[in-house]
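Here the structure comes first, spelled out in structure tokens, and everything after it is commentary.
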Amino acid sequence: MIIKPKIRGFICITAHPDGCRQNVAEQIAYVQQQGVVAGAPKRVLVIGASTGYGLASRIVAAFGYQADTIGVYFERPEIDGKPASAGFYNACAFDEFAHQAGRISESINGDAFSDTIKQETIQRIQQKLGQVDLVIYSLASPRRTNPETGEVYKSVLKPVGEEFRSKTVNTDTGEVHEIVLPPANNEEIAATCKVMGGEDWERWIDQLLAAGVLAKGAQTYAYSYLGPKVTWPIYAQGTIGKAKEDLTRTAGVLNKKLEAIGGCAAISVNKAVVTQASSAIPVVPLYLSVLFKVMKQKNLHEGCIEQMYRLFASQFQQQRDELGRIRMDDRELQPDVQAEVEAIWPKITTENLKELTNYEDYTKEFLRLFGFGLDGVDYEQEVTLG
């Protein structure tokens, strides 16, 4: 079959296997061009390893640290003649390239929130790596099932306290329009924290510690985002922000638990990039379109792989804030960058969207997530599935 992009709302429901493979190959090539990081961890577990920052982390670990890796993710394989999810193809491509480079690469496809997958991962670590030196927690999911009670929690993207009004862009039509979001209630806030907060991260570390598969001095990092004033009501001050506050609290708890093995835990606050998760957040695609324009003009732009290489190359020793969080969003939040974003923001309309922003680059990056629009891929060629 010939696979073309089919977009519904903020998601592309098709993915191209050759395009996804090329996307992974290009990220690997970038890391190899930067060089190997000396003295880095050699056994790495990435939880949420198939797309975005998680995939980039695994690529940098394998090809920048020359580490053996285990990746955990939850992706859809090819079923009934339909393409798999982009993350599934990404993970398959990563395994292929890592094995070619002589690296151990073990992938586990299943619900990372479940204790079953946690135990399977522990067994795989014991069998293949013995222990791990670094654990990256990079899960992004709309729902989580409590492994003890079976209760299902669903996250929401809402402000807290009062309704939120702002402009956004309809990614189907390119129309700029106002969006009004009602405030979340207490139950929605709590559920979002259950899904996107630190409870599952702590559960992972507890079980890894209990099984003795964390090496002496093992480190663990989870990823977060704060963003600028224009997105605060829906992000930093919204339900997601409440969950990220819980994630930060959890880092402090884990630091104490890891003292016994000389380890540590921290949050890395990363910059805004195009991912499947960020594309679902109202206002963010429009903000990214403006940010792209400003940061590219200033030669400051970073995608997932550039950001993760900078983080990993420093061995997580970047500048930290008063809460101990690593601030990889330093370039995004530079005063001159945000001043230009704030100057452009109120002027944007449907008619001048392409003139005032880099919306075309945003849409190209969005399609790349699903394996479309990459050089060297023949999208008119038949693809055999299964």
Check: What are the residues in the stretch 7-47 that are under 26 Å from Val132 (Cα atoms) and in a loop (DSSP other than H, G, I, E, B), if any?
Finding: Gly35, Val36, Val37, Ala38, Gly39, Ala40, Pro41, Lys42
Note to self: Contact list please: Cβ distance under 6 Å, first residue in the stretch 304-323 and hydroxyl-bearing (Ser, Thr, Tyr), second residue outside any loop (DSSP other than H, G, I, E, B), pairs at least six apart or on different chains.
What the structure shows: Tyr309/Val31; Tyr309/Gln34; Tyr309/Val60
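Report those strands (runs of 3 or more DSSP E) wholly inside the stretch 50-166 carrying at least 3 residues which are in contact (Cβ under 8 Å) with a residue 12 or more places away in the chain and touching a helix residue (DSSP H, G or I) at 6+ places or on another chain (Cβ under 7 Å).
Result: 68-73, 105-109, 132-137.
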Checklist line | Filtered residue count, the stretch 210-246, keeping only those that are hydrophobic (A, V, I, L, M, F, W, C), touching a strand residue (DSSP E or B) at 6+ places or on another chain (Cβ under 9 Å), at pLDDT 95 or above and surrounded by fewer than 22 Cβ atoms within 10 Å (Cβ to Cβ) | finding: 1
Item checked: Residue check for Gln100: among the polar types (S, T, N, Q), closer than 19 Å to Ile305 by Cα and out of contact with any Ser or Thr (no Cβ under 8 Å at 6 or more places or on another chain) -> no
Margin query: Here's a check for you: in the stretch 19-43, which residue that is within 18 Å of Tyr89 (Cβ to Cβ), aliphatic (A, V, I, L, M) and in contact (Cβ under 8 Å) with a residue 12 or more places away in the chain is surrounded by the most Cβ atoms within 10 Å (Cβ to Cβ)?
Written below: Val24
Next item on the list: Return yes or no: is Tyr89 modelled with pLDDT of 95 or more, closer than 30 Å to Pro282 by Cβ, buried (at least 24 other Cβ atoms within 10 Å of the Cβ) and out of contact with any strand residue (DSSP E or B) (no Cβ under 9 Å at 6 or more places or on another chain)?
Entry: yes
Item checked: Residue identified as part of a helix (DSSP H, G or I), more than 22 Å from Ala343 (Cβ to Cβ) and small (Gly, Ala, Ser) among Ala265, Ala251 -> Ala251
Check: So, of the residues in the stretch 335-368 that are in a loop (DSSP other than H, G, I, E, B) and more than 22 Å from the chain's Cα centre (by Cα), which turns out to be surrounded by the most Cβ atoms within 10 Å (Cβ to Cβ)?
Finding: Thr357
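Each row is one residue, and each column tells you yes or no for (1) out of contact with any strand residue (DSSP E or B) (no Cβ under 6 Å at 6 or more places or on another chain); (2) at pLDDT 95 or above; (3) surrounded by 24 or more Cβ atoms within 10 Å (Cβ to Cβ).
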site	(1), (2), (3)
Leu45	no, yes, yes
Gly54	no, yes, yes
Ile59	yes, yes, yes
Thr69	no, yes, yes
Phe74	yes, yes, no
Ala84	yes, yes, no
Next item on the list: Looking for whichever is closer than 30 Å to Ala210 by Cβ and among the hydrophobic types (A, V, I, L, M, F, W, C) here; the options are Ala280, Ala251, Ala313. Which one fits?
Entry: Ala251
Check: How do the pairs read when you match residues in the stretch 352-379 that are on the phi > 0 side of the Ramachandran plot and modelled with pLDDT of 95 or more with residues anywhere that are part of a helix (DSSP H, G or I) and crowded, with 19+ Cβ neighbours inside 10 Å, using Cβ under 7 Å and keeping only pairs 6 or more apart or on different chains?
Finding: Gly371/Pro17; Gly371/Gly19; Gly371/Cys20; Gly371/Asn23; Gly371/Ala86; Gly371/Tyr89
Margin query: Exactly one of these conditions fails for Leu181: (1) under 30 Å from Tyr359 (Cβ atoms); (2) in contact with a Leu (Cβ under 8 Å, 6 or more places away or on another chain); (3) surrounded by fewer than 19 Cβ atoms within 10 Å (Cβ to Cβ). Give me its number.
Written below: (3)
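The values are calculated or read from the model by the stated rules, or taken from the named source; none is laboratory data. Keep in mind the model is a prediction, meaning the values are calculated, not measured. Counting neighbours? That spans all protein chains shown, and the Cβs are built from the backbone with ideal geometry, glycine included.
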